[in-house]
1. Among all the aspartates and glutamates, which ones have a C-alpha under 12 Å from residue 383's C-alpha, if same-chain residues fewer than 8 places away are not counted?
2. Between residue 408 and residue 40, 0.36 nm times their residue separation minus their Cα-Cα distance comes to what?
3. Run down the lysines and flag those whose C-alpha is under 29 Å from the C-alpha of residue 265, throwing out any fewer than 8 positions away in its chain.
4. Lysines near residue 10 by alpha-carbon distance under 27 Å, same-chain residues fewer than 8 away left out - which ones?
5. Can you list residues whose amide H is under 5 Å from residue 275's amide H, if they're 5+ apart or on another chain and H is modeled 1.01 Å from N?
6. With angles folded into 0 to 90 degrees, how steeply does helix 141-151 sit against the dominant principal axis of the chain? Use alpha carbons for both and round to 10.
7. Near the amide H of residue 125, under 5 Å away, which other amide H atoms are found, from residues 5 or more places off or on another chain, if H is placed in the peptide plane?
8. Sorted from fewest to most neighbouring beta carbons within 10 Å, what does the list 364, 121 look like?
Amino acid sequence: MGGFFGVASKTNCTLELFYGVDYHSHLGTRRGGMATHGKDGFHRAIHNIENSPFRTKFERDVEELTGNLGIGCISDYEPQPLLIQSHLGSFAITTVGKINNAEELLKYVYENGHTHFQEMSGGQINATELVASLICKKSTIVEGIRYVQEIVDGSMTLLLMTEEGLYAARDRYGRTPLVVGKKEDAYCVSFENFAYVNLGYTDYKELGPAEIVYITPDGVETVGEPGKDMRICSFLWVYYGYPTSSYEGVNVEEMRYKCGSMLAKRDEGTVSPDIVAGVPDSGIAHAIGYANESGIPYARPFIKYTPTWPRSFMPANQEQRNLIARMKLIPVRALIEKKKLLLIDDSIVRGTQLRETTEFLYQSGAKEVHVRPACPPLLYGCKFLNFSRSKSELDLITRRIIQEKEGDHAEDVLEEYADPCSKRYAELLEEIRRQQNFTTLRFHRLDDLVESIGISPCKLCTYCFNGKE
């Protein structure tokens, strides 16, 4: 995934930029970067943050990067922001998104005068550099950004800094959020709207799909009108979003309470656990919502050890990610032994980590483990956001099971497996339950998820659940 933050101020903005970017650390685990522009021109710093927090890597840079304009990012993939020199002038750029037609676009730019790109490890090119090259095919920055929005298959939200101001552009269908904040003598732009609250900013403007704004210390100008169609990612509320964030006016924490409440209503007293628990961190709010609705006590039968362990999906090696996930969760045996537990996680992707969590609950003396994922079964790999390092849809536990059952006809019956009222859906859940050794399993239904979010269904992207764009 990834996130970014930018500032246009009448005074030095480096410290605010530093803290604003740091507040996006939950969105990425590999690279961090900041770029500023002041009287001495452009300056930039990029660091690897795989094994240490953003703050520890950039504390020294705060003293060296000065300027009244700045952009920065947390990235799960490319080193960025990049500094670009072109016929449009010099600028810095950072992006969040996914390009499915990168090879096609590379061929296009090579055929139209571009000679080379820097190659990253693994033979790939930096997607942000590709985006910059496409912008530079046009006669103005705004035309170039609009061109990128139209030609990229996937999504592309970006932040671009010139010598005079910032251009911020939300992706074509608004799959990711983008918000502008305001205070005296400064404006900021942020992926997460909570990131600027403690810096003294208030909400100024939430960009619409494909909207482009130009931001200076003196104001915000819309230079590219928003589109009419929106498909914001529903998984932002379920998992990725920080609890204090809001998207399209809907707070993440409040949505998760509603989600848990609706899970409890669907159970309708069919299970009688002693306690309700959430898998830290994103499962906790869902579990609180379930407990509040059902009247079953909420408890923490395991505690996440946060002082030293990095995020569980950070290493490239899946086995190492599983080990770290296991090391982080420490059981509280007194709350587990001889207890019937109802456990809520944000989702089941591969199934490896939740199965191991369930096993150590049994090993700690649990009598039953009922599982309630806070979203529907994931049946499709996301085409629009880089929220997983999976190389194949068969990494999903659902698709492996369906492939085993249906063979060559698996693709033909996916719609039935997405229907919570179908026989195939029930068979899928039972096989997941059996393989994972859960006592019972019930996923959040898609119609309930949409109701939990509370905005128009036509504005939500639910592709990973039902394959509909």
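Every number here is computed from the coordinates shown, using simple stated rules; none is lab data. What you see is a predicted model, and the numbers here were worked out from it, not measured in a lab. Cβ atoms come from the backbone with ideal geometry, glycine included; neighbour counts cover every protein chain shown.
1. 153, 393, 469
2. Details: separation 368, 0.36 × 368 = 132.48 nm, distance 6.18 nm.
That pair, residue 408 and residue 40, stretches by 126.3 nm at full extension.
3. Here the lysines satisfying the reach criterion relative to residue 265 are 304, 338, 339, 340, 367, 423, 459, 468.
4. Reachable lysines: 39, 57, 182, 183, 205.
5. 340, 342
6. Around 40 degrees separate the two axes.
7. For residue 125, the qualifying residues are 120.
8. Values: 364 17, 121 5.
Ascending Cβ contact count within 10 Å gives the list 121, 364.
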